[in-house]
Amino acid sequence: MKNIVVLVSGGGTNLQALIDAQESGIIKNGKITCVISSKEGAYALERAKKHGISTKVIARKEYSDSISYSHAILDALNEEKADLVVYAGFMTILDELVVKAYPNRMMNVHPALIPSFCGKGYYGLKVHEEALKKGVKLTGATVHFVTEVCDGGPIILQKAVAVEYGDTPEILQKRVMEQAEWKILPQAVSLFCEDKLEVVGSAVHIKD
Ligand code: GAR
């Protein structure tokens with residue numbers, strides 16, 4: 001059974017999708033053992049507690065720089081004996097020292113079809129604002145392995161979602177979450193836990 005540690009910063013709807021998938025048996029061979037938040041008071045922490053999952057707050061604002069914060073996160077991951085680390089709305093960029101300690105064992109859900117609308121500064125609603133500004137007809141979500149390049153790691157799963165006339169960033173965000181993020185994140189976690197993901201160069205092969 002693999003230990004899954006989920007990193008969050010906010011509302012935690014993607015965490016909820018993972019908890020639901022775990023409880024309905026979709027995630028085989030894996031268990032969420034800890035939820036770590038970069039912010040005190042994040043609603044994601046309540047979601048974890050309601051389901052008996054242990055929580056930790058490692059507040060970014062209590063650390064003066066990214067390196068000392070990244071060391072604190074790394075210590076917590078090691079303490080939890082994490083096999084898989086999932087960024088589920090985790091809004092802090094960690095130093096590469098964390099990624100190097102967990103190569104191809106950290107994944108992130110991003111609310112766009114990478115390589116569009118991604119990289120530093122593209123997070124949360126901002127991503128949907130930019131997609132609407134550009135006038136794309138299709139957007140979606142991506143789950144990828146985390147590397148030292150922000151949003152640049154090997155892509156595991158993607159799902160497209162239509163942009164509709166009259167969409168606001170909020171409406172589009174909700175559609176992308178419902179139709180894409182909440183589906184592909186649990187799927188990717190499940191595939192990882194069953195050892196079905198193989199990284200070949202910059203691509204991810206899904207084994208039968
Ligand atoms: C989600 O849309 C997630 O993809 C996005 O933030 C939201 C968090 O929602 N993440 C990023 O933009 C990271 N670059 P949640 O807290 O309800 O899961």
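Since every read-out is calculated from the coordinates, none of them should be taken as a lab result. Here the structure is a predicted model, which is why all the values come from computation and not from measurement. A quick note on method: Cβ atoms are made from the backbone with ideal geometry, for glycine too, and the neighbour counts reach across all protein chains shown.
Phi angles of the range 37-44 translate, via the Karplus equation with coefficients 6.51, -1.76, 1.60 and θ = phi - 60°, into HN-Hα couplings of 10, 7, 9, 5, x, 5, 5, 3 Hz per residue; Gly and Pro are given as x. About its Cα centre, the chain has a charge dipole of approximately 260 debye under the convention of +1 per Lys or Arg Cβ and -1 per Asp or Glu Cβ, with nothing else charged. Phi angles across the range 163-171 convert, under the Karplus curve 6.51 cos²θ - 1.76 cosθ + 1.60 with θ = phi - 60°, into 3J(HN,Hα) values of 8, 10, 4, x, 4, 9, x, 5, 5 Hz, Gly and Pro given as x.
Taking amide hydrogens as placed 1.01 Å from N in the peptide plane, the amide H of Ile156 sits under 5 Å from those of Val143, His144, Phe145, each at least 5 positions away in sequence or on another chain.
Between the amide H of Gly12 and those of Ala44, distances stay under 5 Å, these residues lying 5 or more places away or on another chain, with hydrogens modeled in the peptide plane. Rounded to the nearest whole Hz, the Karplus-based 3J(HN,Hα) values (6.51 cos²θ - 1.76 cosθ + 1.60, θ = phi - 60°) of the range 102-110 follow the sequence 10, x, 6, 10, 10, 10, 10, 9, 10, with x at glycine and proline. Once C-alpha pairs closer than 8 Å and six or more residues apart are averaged by separation and normalised to the residue number of the range 74-179, the relative contact order reads 26 percent. Shape analysis of the chain places it in the rounded category; the axes a ≥ b ≥ c from the Cα gyration tensor give an a/c below 1.5. Remark: the range 1-106 carries a charge dipole of roughly 280 debye about the Cα centre, counting +1 on each Lys and Arg Cβ and -1 on each Asp and Glu Cβ. Each stretch of four or more DSSP H residues adds -39500 (n - 2.57); spread over every residue of the chain, this sum gives -9500 deg cm²/dmol at 222 nm.
Only Lys, Arg, Asp and Glu carry charge here, each on its Cβ (+1 for the first two, -1 for the last two); on that basis the range 70-179 has a dipole of about 400 debye about its Cα centre. Summing charges over neighbours of Lys133, with a neighbour being any other residue whose Cβ is under 13 Å away from its Cβ, gives -1 when K and R count +1 and D and E count -1.
Ser54 sits among other residues whose Cβ lies under 12 Å from its own Cβ, and their net charge, with Lys and Arg +1 and Asp and Glu -1, is +1. The Cβ shell under 12 Å around Ser38 holds other residues with a net charge of +2, Lys and Arg each +1, Asp and Glu each -1.
Tell me whether the range 28-93 comes out rounded, prolate or oblate; compute the Cα gyration tensor, take square roots of the eigenvalues as a ≥ b ≥ c, and use a/c under 1.5 as the rounded threshold. Cα axes put the range 28-93 in the oblate bin. In this structure, the amide hydrogen of Leu7, modeled 1.01 Å from its nitrogen in the peptide plane, lies closer than 5 angstrom to those of Ile36, Val86, Tyr87, Ala88, counting only residues at least 5 positions away or on a different chain. Sites listed here are chymotrypsin sites (Phe, Trp or Tyr not before Pro) in the range 129-208 whose DSSP assignment is loop and whose Cβ has at most 11 other Cβ atoms within 10 Å: Tyr165.
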